[in-house]
Amino acid sequence: MRLEPVADPGWSRTLGLPALALGGTVAIAMALALVAGSNPLAVLGLIVKGAVGSKFALLETLNRATPLIFTGLAVAVAFRAKLWNIGAEAQLYMGALLAVVLGTGLLPLPAALLLPILMLAAIAGGALMLLGPAFLKTRLGVDEVVTTLLLNFVMILFVSMLLEGPLKDPMGMGWPKSERLVAEARLPRIVDGLRLHWGFGLALICALLVWVMQTRTTLGYEIRAVGLNQRAAAFAGIPVTKVVIKTALISGGLAGLAGFSEVAGLKGSLTLDLSPGFGYTGIIVAMLALLNPLGVVVSALFVAGVFVGADSMSRAAAVPTYIADILLATALLLMVLAIMLTRFRVVRG
Amino acid sequence: MEILDILISASFWAAAVRIASPLIFATLGELICERAGVLNLGIEGIMVVGAFAGWMAVYSGADLWVGVGVAMAAGMLFGLLHAILSVPFGLSQHVVGLGITLLATASTYFAYRVALPQVTNPPRIEAFKELPIPVLSDIPIVGQALFAQTPLTYLAFVTAAVVAFVLYRTPLGLAVRAVGENPHSVEAQGLSVTALRMGAVVVGSGLMGVGGAFLTMSAFNSFFFEMVNGRGWICIALVVFGAWKPGKALLGALLFAAFDAMQIRLQQTSLGADIPYQIFLMMPYLLSILALVVMSRRAEVPAALMVPFNRGER
C-alpha cells in the first residue's frame, strides 16, 4: 500500500473520519466494560453522569481541566516547533515548588503583590526546567525526548527530598507534605460558594494569549516555520536556535503555571501526589486539540471529564478506573490516524 | 575506603549483571527498531506489558519458559500496533510511541485489576532460580558475577550475540541496517521497506517484553505498579550511548548497572547516613542524561531514523 495526497478533502472526509475515530473509542470502551463483566451502556452512562451529571460533578471536571489546560498549552506550543517537551510533569512540580518556597510566609506581602510574584516565580521555574534540555538540543544535538522524560524522575525525587527535609511541615504528622500557603498566596474562588478557583480563569486567559501569540505575532509565525522545516526556516533568515529557546521558555513557563495553580488554587500545599500525571496527559490534550490553543481548552475539558467520570463510575461499577487512560490513549492514536487519512488516501500497489 | 570494599565484593558484581539483564533485552529491542529507522517510544509501556503478561501466565500455572514466550508475544502485539501506525501510515513516531506506552500501561493496570480485583498484596510466583555453571562459577568474583545467574541472564547475553551476528553477518541484517540508512536503496533492490521496518519493530518489541518479564520472573518475583520505573527511557539513552551497536550497548548496560548497584550499596554506608537517599536514586537518571551528552557528538545516528517512507515519494 502507499499513501496518496487528497487534493480536496470534502466535508465527509474532514468530519467523518474524526467522528469514526471517536466512535471507535466509544466502542472499545464498551468492549472493556463487557470484559470487566458490566453492562456497557450502563458504564457509559455512569461515566457521563459522573463527569457532568450534577453541579458537583461539573465543578470537579472544571477543576481537573485547569492544570490540563496549562500542560496542554505547554505541549501544544512546544510540539508546534517540533520541540518534544515530554517534561511538563517536572516543570509543573518546579512551578509548584517555587510557589511553596515563596508563599509559605517568606514574603510578608499583600495578595495583590504576592500572587503576581508567585506566578512569575512559577513561570520562571518551569521555564528554567526546560531551558537545560533545550540548550542541550540546540548546542549539542542531544535528543530532548529522553532528557525531558528522565528529568521527570529526577524532579519527583528532588521534591521528595525537600518534602522530607527543609520543606517538611512540622505539623504534618510525619507525612511528606509542605507547610500550607499563607492566605495572601491563595487564589480566590471565581464565585463565592462555588468550588472553582481563579486558576481556571488564568488558564483560559493563557489559552487566549497563546492563540494570539501563535496567530498574530512574528514569533508565532517563526515557531510554525521552524516546526515545519528547520532548514527552510534557517534559509529564510529565521534565527532557529533563538526561536527554539523562546519556545522552550514559553512552554516550560506554562507548565510551571499549572503547578502554581494547583498549589495556590486547589491544594494549598505541596505533596508528592500533586500531579497524577498532568504533564503526560497534557500531551494527549494537545494532540486531540491538533495543537490549537483554543482547542486545548475544549480537549482538556473532555479529557478531564473522562477521568472524573471514570473515577465516579468505578466506585459504582466493577470496572477499574484505568479504563479512562485506555480510552484516552485509544482516542489519541485513532485521532492522529483519522486526521492523517483526511489528507491522504490509501491506494494499493 | 567503602567504595573499594564494594568493588572487590563478588555480590556487587553479581548484582550489577543482574540489574543489567532486563536493560540488555530492552536496549537490544530498541536498537533493532532504531537501526531499521523507527524510534520506539512504546518501550516503557511494552516493558510493563511484558512484566505483567509473563508473571500472570506463570501465576495461572504456565511453565516459566512459556511465561517468557507469553511476555514476548504480548510485547510483539503492541509492537505490531506501533508498526502499523508508524510504518505504512507514517504517523509521527513520537506521538505513536507515547500513545503506545500509555495504552500498554493502562491496559496492563486494567487487566491486573480485572484479573485480581480484591488483591492488595500481589501474589508471588516461583521464579527462575540461579543456575550456576559448573567449574566456571567457581572462578572468584568473575565466576559469581557471570556464571551463577538465572537462565534469563544467560539468555540476555546470548541474545546480544545473536543480534550482533544477525545485524552484521547476514543478508537480513544488512537489509535492516540499510532500511534505517537509505530506504530508497533497499526498495531499489526489490525488498519491501514496509515489511523490513515492521518486522524490526515487532521483533524489537518482543525483546522489550522479555526485558519487562525479567523484572517479574527473575528479580522481584511479583508484579506491582510503577515497577518498570523509567527503565525503558533509560534503554533509549543506552542505545545512543552504545552508538547503535549491540556490543557497545551491552557494555553500556553493564556499566550503567554497575553504577546502579553501587548507589544501592552506598546508601548502606556512612555516606548514606549523611546524604538523603533520593540523591542516590537520582543517579541512574542523571547518569543517563550525562551519557547522552557525552556521546551525542560522536554518535552515528541511523540516517533515516524517524523519517517515514512512502513509496513513490522522493
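The values are calculated or read from the model by the stated rules, or taken from the named source; none is laboratory data. Please read these numbers as outputs of a predicted model, since none were measured by experiment. Glycine also receives a Cβ, built like all others from the backbone with ideal geometry; neighbour counts cover every protein chain displayed.
Among the residues of region A:146-156, are any more than 21 Å from the chain's Cα centre (by Cα) and either in a helix (DSSP H, G or I) or under 23 Å from residue A:281 (Cβ atoms) (or both)?
Checked against the condition, which is being more than 21 Å from the chain's Cα centre (by Cα) and either in a helix (DSSP H, G or I) or under 23 Å from residue A:281 (Cβ atoms) (or both), region A:146-156 yields no hits at all.
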Could you tell me whether any residue of region B:164-177 is in a helix (DSSP H, G or I), at pLDDT below 95 and of a type in the set (Gly, Ala, Ser)? no
Residue hits (region A:213-233; farther than 15 Å from residue A:138 by Cβ and part of a helix (DSSP H, G or I)) are A:213, A:214, A:215, A:216, A:218, A:219, A:220, A:221, A:224, A:225, A:228, A:232
Quick check on region B:112-126: of everything there that is surrounded by 13 or more Cβ atoms within 10 Å (Cβ to Cβ) and closer than 12 Å to residue A:320 by Cα, which residue is farthest from the other protein chains (Cβ to nearest Cβ)? B:116
Just wondering, is there one or more residues in region A:251-265 that are out of contact with any Asp or Glu (no Cβ under 9 Å at 6 or more places or on another chain) and surrounded by fewer than 19 Cβ atoms within 10 Å (Cβ to Cβ)? no
I'd like to check something: does region B:166-188 contain any residue that is without any contact (Cβ under 8 Å) to a residue 40 or more places away in the chain and under 29 Å from residue B:52 (Cβ atoms)? yes
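If we keep just the residues of region B:261-293 that are more than 9 Å from chain A (Cβ to nearest Cβ) and under 20 Å from the mean Cα position of the chain (by Cα), which is surrounded by the fewest Cβ atoms within 10 Å (Cβ to Cβ)?
That would be B:290.
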Criterion (in contact with a Leu (Cβ under 8 Å, 6 or more places away or on another chain) and of a type outside the set (Phe, Trp, Tyr)) met by exactly one of A:120, A:162, A:106: A:162
Of these, B:113, B:124, which one is in a loop (DSSP other than H, G, I, E, B) and either modelled with pLDDT of 90 or more or among the basic types (Lys, Arg) (or both)? B:124
Identity of the residue in region B:51-101, away from chain A (no Cβ under 14 Å) and assigned to a loop (DSSP other than H, G, I, E, B), that ends up surrounded by the most Cβ atoms within 10 Å (Cβ to Cβ): B:62
Need the failing condition index for residue B:223 against (1) within 14 Å of chain A (Cβ to nearest Cβ); (2) within 14 Å of residue B:48 (Cα to Cα); (3) crowded, with 18+ Cβ neighbours inside 10 Å, just the number. (1)
Across region A:160-201, what is the number of residues that are basic (Lys, Arg) and part of a loop (DSSP other than H, G, I, E, B)? 3
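May I ask you to list the residues in region A:132-181 that are away from chain B (no Cβ under 14 Å), surrounded by fewer than 18 Cβ atoms within 10 Å (Cβ to Cβ) and among the hydrophobic types (A, V, I, L, M, F, W, C)?
A:171, A:173, A:175
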Matching residues in region B:294-314 (more than 21 Å from the chain's Cα centre (by Cα) and facing another protein chain (nearest Cβ under 10 Å)) number 8
Elements of type helices (runs of 4 or more DSSP H) in region A:239-349, at least 3 residues being at pLDDT 95 or above, more than 14 Å from chain B (Cβ to nearest Cβ) and within 25 Å of residue A:160 (Cα to Cα): A:240-261
Go through the residues of region A:30-47 one by one and say whether even a single one is under 30 Å from residue A:263 (Cβ atoms) and either out of contact with any strand residue (DSSP E or B) (no Cβ under 8 Å at 6 or more places or on another chain) or without any contact (Cβ under 8 Å) to a residue 40 or more places away in the chain (or both). yes
Complete set of residues in region A:7-55 that are part of a loop (DSSP other than H, G, I, E, B), surrounded by fewer than 15 Cβ atoms within 10 Å (Cβ to Cβ) and within 14 Å of another protein chain (Cβ to nearest Cβ): A:37
